[in-house]
Amino acid sequence: MITTLRHLDYGLTNSELDCVCCGTALPDRDGFCRDCQTPIGLSRAVATRESSQSFVSVLGASGAGKTVFLGLLLDLLSNGSERLKGLAASAFSVALQEQVITALEQRTFPEKTQSEADTWDWLHCQVTTGLKKKMRQVDLIAPDFAGEAIGLEIEQTGLYPAIRHVVSKSAGLLILCDSLKVRDAGSAEDLFALKLASYIAQSQGIDVAAAHKAKELNVKPKHKGPAIAIVFTKCDGCPETREDPEAFATNNTPRLAEFCRQTFHNYAFFSAGVVGSAGVLADRAGRHMQIPFHIEPHGIIEPLEWVMQVCQ
Amino acid sequence: MQVEQAIFTSIDNGSMKGYQLTSRSSRIDKHIAQELCRWAPSHASLLAAESDYSSLNYFPVLSNWVAIARTFYGGPEYSGRGSMQIVTHFLVLRLEQFADYDYDPLAVARTAQALGYLRLTSEMPEQLPKARLTDKPLLYLPAPMRCESAEDESIDEQEIYAEVLALVKEGQRVAAVGIASPMNVCERLIGQLPAASRLQMSIATGLKPSTHRKFQLHFIPHREFGMEKRLMAQGITCVSSNRSVADDGEVTCLAQRPV
C-alpha cells in the first residue's frame, strides 16, 4: 500500500532533480544528464538516500585495470568485515560487479571500456566503517572512466565534463598504474601519472607552487586536500611492488613520487592484484587475449580503507 | 583538390594509450582534432560484429569544415582483451571544397574510395599527407537516378523513408530501423534536401547511437528489445516497420514512430 508520495517515483518531480555530478537541473526522467552524461538513474537514487555522499575517483591510463579493480572492490566489500563493508545502493551499480565477476569466472578479463560517457558504469554503494558507536555510513560513488577519456580530458579539458566534475569533488582519488609497464616500459607511465596528478591538483584548486613552498617551510596547509592513493596494479607479475610500494614508486616513478611529495598532504602508495597468475592466448587472427589462471585478490580494499580513514 | 585527412583508432604510442587521433594531415589543428575526437567511435561502436562491416559517417566540424568518415574493423586491438580495433578514417573538407561536390557527402565518399582512401592501411604514420581528390565527383547521381533505387526497396522501407525524410526536414534526430540498404536511402535523402540542410545534418549508417555523438540520422539494422526507450532517452525518434505476420503468412507492414 502506498502511504507517502515518496514511494511514487521517489517522490521527486522532474523540476526538483539535479545531476549528482555537475548539478545541472534534470528535466528528463530517464537517460543521461545533457551536460555530463551521468545516468539520471544515479542522480535519482542518490537524491533519495539519507547518507552523505562521497565521490571517489579511480583514474589511470587505458589498460591499468580500473574496471576490474572497481568491479572486484564492490564484490569484496559486500563480503567485507565490520571494519569495512559495502552494499550496492542502486541496481545499476551491480552491473559493473556482474560484468567483472562473470568475466573472471570465465577466465577472461572484461572488455575494454568504451570512451563514450553514456556507456560508463557507475559504482554506487553504501560503505559502513567502524564498529557500533563509531560506525559511519557513507554513500560511495565511483565511476568507471575509460582510460583514453581520462587522457583526452587531460589534454583537452572539456571533452568529458563528467571527469572534471567528479575529480574536482572527490574526497579521495586512486591513481592506478600498471606495475608491469611501469617497470618495463620506460618513463611513459611515470609521465602519464604525473600529468594525471597535475590534473588532479588543478581540478581540486591546489596551488602547486604554494604547496611546494609550504612543504619547504614545513608549514601545514590550511586545507589538507584530497587523499591520493597511488595503486600499482597487476602486482602478480611484479612482486617488487608487494614488498615495498613506496620504494617501487621512488625507483620507477620518480617524477610522480616527487610531485606527490611536494604537492599533496595525504598520499600513500599501494600494490594491488586480482589474479594469482595469467597467461596469453593468441588466435589465428592474431588477437591476443590475456587469461587469468586463478583469482587471488590482493590489496583491493586497502587503498579505499586508507582513503576513508584519512577523510574521516 | 587536396583535402585534410586523419585516422582515429586504438594504439599504445607510449604517451597515450587507447583510442586517439593517431594520424593527421597538416591543417588538422587542435580545434578540429578535438571535434574529430568528439565524433569518433571507440571500442565496440559498430552495430555488427562481422569483420567486413563498416559505417559511413558525415558531420559538420566547427563552422567552416565538414568531415566524411568511414569506420571499420582493423587488426587485433593492442591491449590483449581479445577484441578487434575500430578504425575511423576521416576526410575533412572546407565548405568551398564541399561545394564542388554539391554538398553531397556520399559523392565525396564514393570518389575517395575509388581513389583508394577511407580504407584500412597497414601503416598509420603520425603525419599524413593531404588526400588528393578530383575537383568534381567521379560519379554523380542526378535526382531522377536516386529515385530509381526506390524501386528495389520493400514497401515498408519506402514508408520508413518517407517518415524519416519528414523528420529530418523538421530537424529532429532519427533512427531508421530495419533498412536493408542505408546507402540507398541516404542517396535519396541527400537528393531531397537543400544544400543548407545538408550542411547542418549528420549521418551514421552503422554506429551505435550515443549521447556523446549527436548524429541526426542513424541507421539500425535490427530492432532490439528496449531500443525505442533508450533512443527516446537520447532524444532520437525511432522509425521502424511494424511487421505482423498473419496466420496465412501475409505480412503487413506499417512505418511507425512512437507516440
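3J(HN,Hα) couplings calculated from phi for the range A:145-153 with the Karplus curve 6.51 cos²θ - 1.76 cosθ + 1.60 (θ = phi - 60°) are, in sequence order, 6, 7, x, 6, 5, 4, x, 5, 5 Hz; Gly and Pro show x. If one computes the Cα centroid of the range B:76-106 and of the range A:144-202, what distance in Å separates the two points? Measuring centre to centre over Cα atoms gives 27 Å.
Using only the Cα atoms of chain A, what semi-axes does the equivalent ellipsoid have when each is the square root of 5 times a gyration tensor eigenvalue? Give whole Å, largest first.
On the way: eigenvalues 183, 126, 80 Å².
Semi-axis lengths for chain A are 30, 25, 20 Å.
Under a 10 Å cutoff between Cα atoms, tell me which one of A:Leu59, A:Leu77, A:Leu217 has the largest fluctuation in the Gaussian network model of chain A. Residue with maximal mean-square fluctuation among A:Leu59, A:Leu77, A:Leu217: A:Leu217. The 3J(HN,Hα) values that the Karplus relation (6.51, -1.76, 1.60; θ = phi - 60°) gives for the range B:214-219 are, in residue order, 8, 5, 7, 10, 10, 10 Hz. Gly and Pro appear as x. Within the range B:31-107, the GluC sites (Glu not before Pro) that combine a DSSP coil assignment with at most 16 other C-beta atoms in a 10 angstrom radius are B:Glu50. The calculated FRET efficiency for A:Thr157 paired with B:Arg94, based on their beta-carbon distance and R0 = 25 Å, is about 0.35. For the range B:1-24, a decrease in accessible area of 20 Å² or greater in the assembled protein chains relative to the isolated chain, with a 1.4 Å probe, applies to B:Gly14, B:Ser15, B:Met16, B:Lys17, B:Tyr19. Highest mobility in the GNM of chain A, judged by mean-square fluctuation with C-alpha springs under 10 Å and restricted to A:Thr67, A:Thr129, A:Thr48, is found for A:Thr48. Full extension of the chain between A:Thr108 and A:Arg136 yields a length gain of 6.5 nm, computed as 0.36 nm times the residue separation minus the alpha carbon distance. Counting only Cβ charges, +1 for Lys and Arg and -1 for Asp and Glu, the dipole size of chain A around its Cα centre is about 900 debye. Counted as membrane-span-like here are DSSP H helices of chain B whose alpha-carbon atoms extend 18 Å or more along the helix's own axis and whose Kyte-Doolittle mean is -0.5 or above; these are B:155-169. Label-to-label distance, A:Asp18 versus B:Ser51, with points set 7 angstrom from Cα along the beta-carbon direction: 5.3 nm.
Ignoring the sites themselves, what is the longest stretch of chain A with no GluC sites (Glu not before Pro) in a DSSP loop and at most 11 other beta-carbon atoms within 10 Å? With GluC sites (Glu not before Pro) excluded where exposed in loops, chain A gives A:83-312 as its longest stretch. Projecting the Cα atoms of B:Ala166, B:His218, B:Val185 onto the charge dipole of the range B:160-246 (Cβ charges, centred on the Cα centre) puts B:His218 farthest toward the positive pole. Heavy atoms of chains A and B lose about 2800 Å² of accessible surface on contact, summed over both sides with a 1.4 Å probe.
Using the Cα centre as the reference, give the magnitude of the dipole from point charges on the C-beta atoms of the range A:188-289 (Lys, Arg: +1; Asp, Glu: -1; all else neutral), rounded to the nearest 20 debye.
Roughly 400 debye, rounded to the nearest 20.
Under the simplified labelling scheme, the A:Asp35-A:Arg49 pair shows an inter-label distance of 2.0 nm, with each label point 7 Å from Cα along Cα→Cβ. The C-alpha atoms of the protein assembly as shown occupy a region whose extents along the principal axes are 78, 66, 47 Å, arranged from largest to smallest.
The alpha carbon centroids of the range A:226-262 and the range B:1-33 are separated by 32 Å. Ellipticity at 222 nm from helices only: DSSP H runs of n ≥ 4 in chain A, each -39500 (n - 2.57), divided by the residue count, give -11000 deg cm²/dmol. What's log10 of I(q)/I(0) for the range A:233-296 at q = 0.24 Å⁻¹, Debye sum over Cα points only, no solvent? Evaluating at q = 0.24 Å⁻¹ gives log10 I(q)/I(0) of -0.95. Sorting B:192-200, B:38-46 by their mean Cβ neighbour count within 10 Å, with the most densely packed peptide first, gives B:38-46, B:192-200. Evaluating 6.51 cos²θ - 1.76 cosθ + 1.60 at θ = phi - 60° for every residue in the range A:291-302, the Karplus couplings come out as 10, x, 7, 7, 8, 9, x, 9, x, 7, 8, 4 Hz, glycine and proline recorded as x. Rounded to the nearest 0.05, what FRET efficiency do A:Glu243 and B:His31 have when you use their Cβ-Cβ distance and R0 = 56 Å? After rounding to 0.05, the efficiency reads 0.75. For the range A:114-196, relative contact order (Cα pairs under 8 Å, six or more residues apart, normalised by length) works out to 21 percent. With point charges of +1 on the Cβ of Lys and Arg and -1 on the Cβ of Asp and Glu, referenced to the Cα centre of chain A, which listed residue (A:Val127, A:Asn266, A:Thr38) lies farthest in the positive direction of the dipole? Among A:Val127, A:Asn266, A:Thr38, the one farthest towards the positive end of the dipole of chain A is A:Asn266. Surface composition of the protein assembly as shown: carbon and sulfur atoms hold 51% of the protein heavy-atom accessible area at a 1.4 Å probe. Computed about the Cα centre, the dipole magnitude for the protein assembly as shown is approximately 1820 debye when only Lys and Arg (+1) and Asp and Glu (-1) carry charge, each at its Cβ. The residues of the protein assembly as shown expose on average 45 square angstrom of accessible surface per residue, using a 1.4 Å probe on protein heavy atoms. Pairs of Lys residues in chain B, spaced 8 or more positions apart or belonging to different chains, with C-alpha separations under 30 angstrom: 17 in total. At a cut-off of 50 Å², which residues of the range B:196-221 become less accessible once all protein chains are present than in their chain alone, using a 1.4 Å probe? Buried by 50 Å² or more upon assembly, which counts only protein chains, are B:Thr211, B:His212. Loop-located trypsin sites (Lys or Arg not before Pro) in the range A:214-257 (DSSP state not H, G, I, E or B) with no more than 14 neighbouring Cβ atoms inside 10 Å: A:Lys222, A:Lys224.
The values are calculated or read from the model by the stated rules, or taken from the named source; none is laboratory data. This one's a predicted model, so the numbers in the text were calculated from it and none came from an experiment. Because the Cβ atoms are built from the backbone with ideal geometry, glycine has one as well, and the counts that use them run over all protein chains shown. Surface areas here come from the heavy atoms of the whole protein model, side chains and all, with no ligands, DNA or RNA. Shrake-Rupley method; radii C 1.70, N 1.55, O 1.52, S 1.80 Å.
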